[in-house]
1. Filter the stretch 96-112 down to the residues that are hydrophobic (A, V, I, L, M, F, W, C) and modelled with pLDDT under 50 and list them by number.
2. I'd like the residue in the stretch 50-73 that is assigned to a loop (DSSP other than H, G, I, E, B) and over 37 Å from the mean Cα position of the chain (by Cα) and, out of all such residues, is farthest from V443 (Cα to Cα).
3. In the list E135, E123, which residue meets the criterion of being free of Cβ contacts under 8 Å to residues at least 24 places away in the same chain and open to solvent by 10 Å² or more (accessible area, probe 1.4 Å)?
4. When you go through (1) touching a strand residue (DSSP E or B) at 6+ places or on another chain (Cβ under 7 Å); (2) at pLDDT 85 or above; (3) surrounded by fewer than 17 Cβ atoms within 10 Å (Cβ to Cβ) one by one for E91, which number turns out not to apply?
5. On the basis of being in contact (Cβ under 8 Å) with a residue 12 or more places away in the chain, surrounded by 20 or more Cβ atoms within 10 Å (Cβ to Cβ) and not aliphatic (A, V, I, L, M), does Q427 make the cut?
6. Considering only residues of the stretch 627-685 that are charged (D, E, K, R) and open to solvent by 80 Å² or more (accessible area, probe 1.4 Å), which is farthest from the chain's Cα centre (by Cα)?
7. Filter the stretch 330-350 for residues that are at pLDDT below 85 and in a strand (DSSP E or B) and give the result.
8. Looking for whichever is out of contact with any helix residue (DSSP H, G or I) (no Cβ under 9 Å at 6 or more places or on another chain), more than 20 Å from S246 (Cα to Cα) and buried (at least 22 other Cβ atoms within 10 Å of the Cβ) here; the options are S284, S318. Which one fits?
Amino acid sequence: MYKTYLLFFVTFLFLAISANAQVASVRGFVFEEETGEPAIFSNVFLEGTTHGASTDVNGYFLITKVPTGNYTLLVTYIGFDTIRRAITLKENDLVDIKLFLKKSSFELETVTVNAARIEAKTETRTSVIQISPREIKQIPSIGGQADFAQYLQVIPGIVFTGDQGGQFYVRGGTPIQNKVILDGMTIYNPFHSIGLFSVFETDLISNAEVYTGGFNAEYGGRISAVMDISYKDGNKKRVSGSVGASTFGSRALLEVPIVKQKAPDKGSASMILSFKNSFLAESSKIFYDYIDEDGLPFNFMDLYGKISINAANGSKVSIFGFNFTDKVNNYKSVSDFGWNSFGGGLNFVIIPGRSPVLVEGLFAYSQYNSGINSTALNDRSSMIGGFTGKLDFSYFYGKNKLQYGIEIEGYRTEYFFTNFLGKSIEQIENTTQLGIYVKYKAVFGKFIIEPGFRAQWYASLAEFSPEPRIAVKFNAGEHFRLKLAAGMYSQNLIDATSDRDVVNLFYGFLSGPENLPESFAGQPRKSRLQKSNHVILGAEFDIGRYINLNVEGYYKQYPQITNINRFKVYDQGEAPPGASDVQTKDFIIERGNSYGLDVSLKYDYKKIYLWFVYSLGFVNREYETPNGELVSYTPNYDRRHNLNAVLSYVTGAKKQWEFSARWNFGSGFPFTQVQGFYEYLVFPGGVNTDYLTENGQLGVLYADLFGGRLPTYHRLDIDAKRNFYFSARTKLVVNLSITNVYNRDNVFYVDLISGEVVYQLPFMPSLGLNLYF
């Protein structure tokens, strides 16, 4: 199949490129004048023509295949004055230009709507949500701090396990199957144990894109979803930042121009530093002692720093580093849990002299360590450390674009785990993987076609994975569009989490193991990789000028998934004759699928923002028992119905008041019930053990895997903000929010031993102050 697709792709690419001979070109960068930050996704076009482009995350644009002549270049961007610049294009000319946008003294709602509508008609944009700090702040900011994690809970197809646990599941994919990237660098765990906060600083985000499926060839190594976050470079004109504190924690952000940008033809250098922490373990004893008199033991601290050096022609290099920590001490049945993540690297953008190409590169290293010690759950620890190096090249041919690149990743993983039968599983692995990709976006009348192909090589497994991808959009009418995305995906990393656990705070990593069964479902195993295939069909409707409706149906097939072996009873050297692989191997093979429907209705005009999201999802898995029987089950994140409604309203002469509310409803998660208990004898002396006097351990008799369902989950959060303006650049934001307004008892989990029901967060008011300067 993939060979036929590759032949089609090469033929398509040749015809598309040969049909776009260059006449003249104009390229450049668009920046915000006040800060020097890139004006990402601004619209740049030649007045009176169909020639135009949108700027990327670097503020870069390139318009090619333009007939020679005199033109007026227009730049439009939400909240900024329109730029008009006269240019002259000569044959085979390449004009470079840098443009700076000034903030508008009044808002242009029509420009806002048109910008979104233009992008919807010119990009495939299937199963991807684009997020900005403005949108994050439009939903209730729990704990007095707007956060990326809180916004993710509203996105179609994403399921959070609740207020605690800090993990998200995307259209049937587990956290390990989702790739999270910050400025090109892999972040192994982006969420803290209290699921209200991520490791990302909201005010530093320049752009974030969440792909819930069907992502193209530039992304590899994961089989479910991608989150790609880009940070700002920092203010190049003046010292700026913010400080804040709430009943949950504190934060600080500083942006410093090392070398100020004094003119468009001059370079600059800037630095950003950010700090964020939680002191909930201490403050909860004062403000929330009614929840637990011992306090809520959720502690975290996030540090991030970045230095960016910008050349006069727009090329730049950035050096960055981070340290994120999370700690839960003696919480309920979870005695101690914690993780630490750190890393750093550099990325760069190069604009070659006379070539219509953009070159981007990255080299980074990051490491993640986690461990749990518990009285009720099995102890385990995990470490993953790895480097990433990549180069990306982008060529522009009129409205079309060729993008290709190479990526190399190396990992070391260490893992220790004891299963519920007391058998130890330990793995230490080193692995390297190489990815080469190419994709091409071509516009043919009302069609936008974006085929891609990724070749992924897993060196430690000596396995090659060919992965064709494609995205298509059809502009059926002025206000109606159809879209499709499909692809094949693979990954080496597997989850170091036992699905026997009722609650999973632990989040660890393993590389593809060798200790797998040789067959599954009566067929020999041909690969050690986890694999998936995606198909997504969708439609976009523009209802009037300010209402957008998006509907997507999806199907994800998982022909092979690796899981920790819940049936292991023998170490391989101790197994009796006739013992099956399922009884002796550390890991087992599973397969499954997920499918569903996501509906999103959004209204955004002037003072009112309304977003309604409904997701219908089904997740199925299948495993093999020791006697060869195939058993189907629904995993613990299978939420059939998930509904979110968000309302935001701005009022006041200076729009100083902001009110927002969010209501979430979700059907109950599956869980494994307990049938009874027994005394489990480990026979430490072998056959010489006196079982009459030996003290055994508490054994658990489980019912069918995830055969029960927790009660439904629903919660209302509200938020009120007041902006106090002291000057054009200084303001104080006072934020009062209430989590779980009507104090719903949402079940977190049930302790397997004591039967105690542990609930999610109850009614929790919070107050936050943030000073911007």
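The values are calculated or read from the model by the stated rules, or taken from the named source; none is laboratory data. All figures in this text were calculated on a predicted structure; none of them were measured in a lab. Using ideal geometry, Cβ is built from the backbone for each residue, glycine included, and neighbour counts are taken over all protein chains shown. These accessible areas exclude ligands, DNA and RNA; they are computed on the full protein's heavy atoms, side chains included. Shrake-Rupley method; radii C 1.70, N 1.55, O 1.52, S 1.80 Å.
1. Correct list: L108, V111.
2. Filtering the stretch 50-73 down to residues assigned to a loop (DSSP other than H, G, I, E, B) leaves 50-51, 55-59, 64-68.
Keeping just the survivors that are over 37 Å from the mean Cα position of the chain (by Cα) gives 66-68.
Values: V66: 16, P67: 18, T68: 22 Å.
Result: T68.
3. E135
4. Every condition holds for E91 apart from (1).
5. Here the answer is no, as Q427 does not meet what is asked.
6. Taking the stretch 627-685 first, the residues charged (D, E, K, R) are 629, 638-640, 654-655, 658, 662, 679.
Checking which are open to solvent by 80 Å² or more (accessible area, probe 1.4 Å) leaves us with 629, 654, 679.
Numbers: E629: 36, K654: 35, E679: 44 Å.
Filtering first and then ranking leaves E679.
7. Matches in the stretch 330-350: N330, Y331, V334, S335, D336, F337.
8. The unique qualifying residue is S318.
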